[in-house]
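Asks: Provided herewith is a single structure, encoded as structure tokens, for subsequent inquiry.
The values are calculated or read from the model by the stated rules, or taken from the named source; none is laboratory data. Small disclaimer: the values here were computed from a predicted structure and weren't measured. Backbone-built Cβ (ideal geometry, glycine too); neighbour counts: all protein chains shown. Protein only, heavy atoms only, side chains kept; ligands, DNA and RNA dropped before computing areas. Shrake-Rupley method; radii C 1.70, N 1.55, O 1.52, S 1.80 Å.
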Amino acid sequence: MRALASARQLAWEAAERLENAGVPEPVASAEVLLAELLGVRRSELAFYPESLTREQAALYEAWVSRRLEREPVQRILGYAYFRNLRLDLDEHALIPRPDTESVVDAALEVVDRGGGFSRVLDVGTGSGVIAVSIAQERPSCEVHATDQSEGALRIARRNAARAGTKVQFHRADLARGLDVLEGCVDLLVSNPPYVRSADIPKLTPEVRDWDPRAALDGGPDGLGFYRRIFAEAGPLLADGADVVLEVGDGQAEDVLELGRRAGYAPLGTRVDLTGTPRSGLLRSGTRR
Ligand code: GLN
């Protein structure tokens, strides 16, 4: 029977297996899973002083096997890091993406420009990622969030509570039936599903097989939810309310144009960390 291996050795062997199986980011996958399992930073793995216990080694082996099946690291762990937060996840919610951190920045910029108090509505909140981030980073805001999935709302509520925030969650199909907020929303923010239906089979297995389809599928041209937001959100918005929408690659101009045709003033775009336009900013007109 083989001696118990060091953390470094185990991670190295796992990375090699992942790489040979063609799994993306094999080293990061192997190291992050082991660091989280041991409760240390990834940079500390090389110095982890003890051998793993048999239980730890068995759990790590189970996690690596799941990663070999292309299950994303965050789903194996059951949580994801995003800005200052650790957000729980389950099968009802999209894994929070680094891209979306830039959408939160765009929303905070709008909040700060408005003087720091805004009534914010996050439409289709999923794990609660945008709403909870705004509530945590700008506690002066009153933050509301919707999702049509009760499962997503359950996890989002838990994430809001763990972060010590008071987000008000509403079960709603987009923004329908939110009469309590009529004319009150200063800032509408959303990361709607925006993948073209026909492109879904081409997504990486990590996304295609593990993110909820309802959180990805933006219809035939990927823009269906933007049309709906522009058409349906109006009654909820205060005069001159801001709208910040995450957009898919290459969609920014189309989304601004859809908004313009629906009576919103396009204000511009903001890029993500890779320099790709990731948010579209618009302002609603005075209500008729
Ligand atoms: N960014 C996701 C992807 O990787 C899509 C998320 C969305 O549709 N809002 O495809």
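Asks: If only one of R66, R75, R83 is of a type outside the set (S, T, N, Q) and within 16 Å of the ligand (Cβ to nearest atom), which one is it?
Replies: Within the list R66, R75, R83, the selection yields R75.
Asks: Another one. List the helices (runs of 4 or more DSSP H) inside the range 33-152, counting only whole elements, that have at least 1 residues being closer than 30 Å to G240 by Cα.
Replies: Ranges flagged: 98-113, 129-137.
Asks: In addition: Kindly indicate whether P235 is open to solvent by 20 Å² or more (accessible area, probe 1.4 Å) and in a helix (DSSP H, G or I).
Replies: Yes; evaluated as a whole, the condition is true for this residue.
Asks: Related question: Give the range 69-94 a look and list any residue that's of a type in the set (F, W, Y) and in contact with a helix residue (DSSP H, G or I) (Cβ under 6 Å, 6 or more places away or on another chain), or say none.
Replies: Listed by number, the list holds a single entry, F82.
Asks: Here are some conditions: (1) surrounded by fewer than 20 Cβ atoms within 10 Å (Cβ to Cβ); (2) within 16 Å of the ligand (Cβ to nearest atom); (3) over 23 Å from E109 (Cβ atoms). V195 meets all but one. Which one does it not meet?
Replies: That leaves (1) as the condition not met.
Asks: Turning to a different aspect of this structure: List every residue pair whose Cβ atoms lie under 8 Å apart, where the two residues are 6 or more positions apart in sequence or sit on different chains, the first residue falls within the range 176-191 and is among the small types (G, A, S), and the second residue, located anywhere, is open to solvent by 40 Å² or more (accessible area, probe 1.4 Å).
Replies: What qualifies is G183/P235; G183/R287; S190/F225.
Asks: List pairs: first in the range 1-16 and open to solvent by 10 Å² or more (accessible area, probe 1.4 Å) and part of a strand (DSSP E or B), second of a type in the set (A, V, I, L, M) and modelled with pLDDT of 90 or more, Cβ under 7 Å, 6+ apart or cross-chain?
Replies: Partner pairs satisfying both residue conditions: none exist.
Asks: Among the residues of the range 123-142, is any of a type in the set (A, V, I, L, M) and more than 20 Å from L281 (Cβ to Cβ)?
Replies: Yes.
Asks: Further, regarding this structure: Does at least one position in the range 152-167 carry a residue that is within 16 Å of the ligand (Cβ to nearest atom), at pLDDT 95 or above and open to solvent by less than 10 Å² (accessible area, probe 1.4 Å)?
Replies: Looking for residues that are within 16 Å of the ligand (Cβ to nearest atom), at pLDDT 95 or above and open to solvent by less than 10 Å² (accessible area, probe 1.4 Å), one finds at least one in the range 152-167, hence yes.
Asks: Among the residues of the range 238-288, write down those that are charged (D, E, K, R), touching an Asp or Glu at 6+ places or on another chain (Cβ under 9 Å), open to solvent by 30 Å² or more (accessible area, probe 1.4 Å) and in contact (Cβ under 8 Å) with a residue 40 or more places away in the chain.
Replies: Across the range 238-288, the qualifying residues are R270, R283, R287.
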